[in-house]
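Just below is one structure, and these are the notes that go with it.
The values are calculated or read from the model by the stated rules, or taken from the named source; none is laboratory data. All figures in this text were calculated on a predicted structure; none of them were measured in a lab. In this analysis, Cβ positions are derived from the backbone assuming ideal geometry, glycine residues included, and neighbour counts consider all displayed protein chains.
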Amino acid sequence: MEDDENVRGVGFKEFTRLSAALKEWLKACCVKVGSERVKVDEAVNRFSFTEVVSPVDIPPFNRSAVDGYAVRGEDLQDASPLNPIGLKVKGMVPVEGPANLEVNAGEAVEVTTGSPIPRGADAVIMLEQVKRVGDEAQVSSTVKPFENIILKGEDYSVGEVVLRRGIRITPIEVGVLKVMGFEEVEVACKPRVAIGATGGEVVGSVKDVQGFQVVDFNRPTLIALLKEVGGEPVDIGILGDEVEHISKKIQEALDWCDLVVLTGGASVGLRDVTVAAVKTLKDSRLIAHGLNIRPGMPTGLWTVRGKPVATLPGHPAAAVMSFLNLVKPMMYHLMDAVWEEPFQVQATLTRRIASPPGVRSYVRVQVKRSGGELKAEPVMVHGASMISSLAKANGVLEVPEDVEGYEAGDRVKVTLIKPVTRGRVGNEENL
């Protein structure tokens, strides 16, 4: 890549492939965030830092999987509808126990779902297969050994891995850990990420607008995205368009943050000063500037003092797509977390879309259910500066470099960025 000063105001002369740029950026990063212990109840959406194994057997005893009678299978070898076998019912074991009864030859003990299995029994016959006559259970079918019994440790056994390193902890894992007696769990620390916007035309709120200024969309959006990914965003504000001031703010942020993300001034125009500001920093290293993606071509990837720095375009759609494609993977890398594939659906494209050869395009689409199938409607707006293309879209259609578009009616794979909705709950047609 040519020196930035030689291409400012001229345009990019070459582009780096997205996959190559990301790979090199991750490789150049020398930062890991470490770990902390948190209460299990507060661990939802955090990433496990160590492998967790079960200290107990679950269930801790053999238990019944159905309502019925605990029996000895050998007593029922000859049972059939024409030859029911009578067993003496000697009592009942409730779900909370205790299992202080013993099943001997010719006997049965009534149990409910979850009841501990009494001594001597090796199977449970379902209630529906038994005719109760007084204190006798007449059984008309055979049973296999351990039929309808959940064995001790069948769910989890001592030493079995229940949480792999780097996995996102969901409410299900919270429940599993609590059942096993864990009160705390070791998780990756949240990466501290400095978020700043550049540009003299950008202000923080509508009430601050004067003349032709615009309200900052990118900063609050990226802060929210960082929280969703698992980061701790640090808002360093709107930095203006003075190279020296921007450089100073980046330098300060690098002292206490793990990653710096700036939006605006990222291209090669005469007023795109963000790149120039990063270049003035000691130990700055350019990984890539100018990627073969649309939107997001002007994105720049750097390391400064071994810490990752991203300069994202000021256009909202470009900033968001660059975040999802580059900053989000870097966040997982910092936490040493396992990458989670985004949720994708197959949909029928409603309109033809084109993509330049050699460019990976990300087309915002609206996925709707129509006539029993999912359809993807391209959000038709002009330019990456339109925030409505993000607000109206609930999915992104990726067009690879070697594909020049798709035709209407093509079945395509769409990555969802929001849920597919069908209307309010309670409407009969949505049930």
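How about the range 338-358: which of its residues are touching a residue at least 60 places away in the same chain (Cβ under 8 Å) and farther than 19 Å from GLY395 by Cα?
Kept after step one, since they are touching a residue at least 60 places away in the same chain (Cβ under 8 Å), are these residues of the range 338-358: 338, 340, 342-349, 355-356, 358.
VAL338, PRO356, GLY358 - these are the residues of the range 338-358 that are touching a residue at least 60 places away in the same chain (Cβ under 8 Å) and farther than 19 Å from GLY395 by Cα.
Quick one: which helices (runs of 4 or more DSSP H) lie wholly within the range 274-337 and hold at least 1 residues that are modelled with pLDDT of 95 or more and under 17 Å from VAL396 (Cα atoms)? Outline the logic, then answer.
Numbers: elements: 274-279, 316-322, 328-335.
The helices (runs of 4 or more DSSP H) meeting that bar are 316-322, 328-335.
Do we find a residue being of a type in the set (D, E, K, R), outside the structural domain of PRO116 (by TED's automatic domain parsing) and at negative phi anywhere in the range 137-145?
So in the range 137-145, the residues of a type in the set (D, E, K, R) come out as 144.
Filter again for outside the structural domain of PRO116 (by TED's automatic domain parsing), leaving none.
No; the residues of the range 137-145 include none that is of a type in the set (D, E, K, R), outside the structural domain of PRO116 (by TED's automatic domain parsing) and at negative phi.
Could you check the range 179-270 for strands (runs of 3 or more DSSP E) lying wholly inside it with 2 or more residues that are in contact with a helix residue (DSSP H, G or I) (Cβ under 7 Å, 6 or more places away or on another chain) and either at pLDDT below 90 or farther than 24 Å from SER322 by Cα (or both)? Spell out how you get there, then give the answer.
Numbers: elements: 184-188, 192-197, 232-238, 259-263.
So the answer is 184-188.
Here is a yes/no grid of residues against (1) touching a residue at least 12 places away in the same chain (Cβ under 8 Å); (2) in a strand (DSSP E or B); (3) surrounded by fewer than 16 Cβ atoms within 10 Å (Cβ to Cβ):
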residue: ALA376; (1), (2), (3): yes, yes, no
residue: ALA391; (1), (2), (3): no, no, yes
residue: VAL396; (1), (2), (3): yes, yes, no
residue: VAL403; (1), (2), (3): yes, no, yes
residue: VAL412; (1), (2), (3): yes, yes, no
residue: THR415; (1), (2), (3): yes, yes, no
residue: LYS418; (1), (2), (3): yes, no, yes
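Looking at the structure I just gave you, is GLY91 without any contact (Cβ under 8 Å) to a residue 24 or more places away in the chain and touching a Leu at 6+ places or on another chain (Cβ under 7 Å)? Walk me through how you get there before you give the answer.
Numbers: without any contact (Cβ under 8 Å) to a residue 24 or more places away in the chain: yes; touching a Leu at 6+ places or on another chain (Cβ under 7 Å): yes.
When the stated conditions are applied, GLY91 passes them.
Of the residues GLY314, GLY264, GLY240, which is in contact (Cβ under 8 Å) with a residue 60 or more places away in the chain and at positive phi?
Details: GLY314 fails: at positive phi; GLY240 fails: in contact (Cβ under 8 Å) with a residue 60 or more places away in the chain.
Answer to the check: GLY264.
In this structure, is THR303 surrounded by fewer than 24 Cβ atoms within 10 Å (Cβ to Cβ) and assigned by TED's automatic domain parsing to the domain that holds VAL215?
Values: surrounded by fewer than 24 Cβ atoms within 10 Å (Cβ to Cβ): yes; assigned by TED's automatic domain parsing to the domain that holds VAL215: yes.
When the stated conditions are applied, THR303 passes them.
Can you tell me which residues in the range 50-80 are assigned to a strand (DSSP E or B), of a type in the set (Ser, Thr, Tyr) and buried (at least 17 other Cβ atoms within 10 Å of the Cβ)?
Just the residues of the range 50-80 that are assigned to a strand (DSSP E or B), to begin with: 52-53, 58, 63-64, 68-71, 80.
Narrowing the set further to residues that are of a type in the set (Ser, Thr, Tyr) leaves 64, 69, 80.
Hits for the range 50-80 are SER64, TYR69.
Can you tell me which residues in the range 338-369 are in a loop (DSSP other than H, G, I, E, B) and of a type in the set (S, T, N, Q)? Step through it out loud before you land on a result.
First, pick out the residues of the range 338-369 that are in a loop (DSSP other than H, G, I, E, B): 338-343, 350-352, 355-359.
Those that are in a loop (DSSP other than H, G, I, E, B) and of a type in the set (S, T, N, Q): THR350, SER355.
Can you tell which of GLU232, GLU228, GLU244 is over 13 Å from THR311 (Cα atoms), in contact with a strand residue (DSSP E or B) (Cβ under 9 Å, 6 or more places away or on another chain) and in the same structural domain as PRO295 (by TED's automatic domain parsing)?
Numbers: GLU228 fails: in contact with a strand residue (DSSP E or B) (Cβ under 9 Å, 6 or more places away or on another chain); GLU244 fails: in contact with a strand residue (DSSP E or B) (Cβ under 9 Å, 6 or more places away or on another chain).
Checking each option against the conditions leaves just GLU232.
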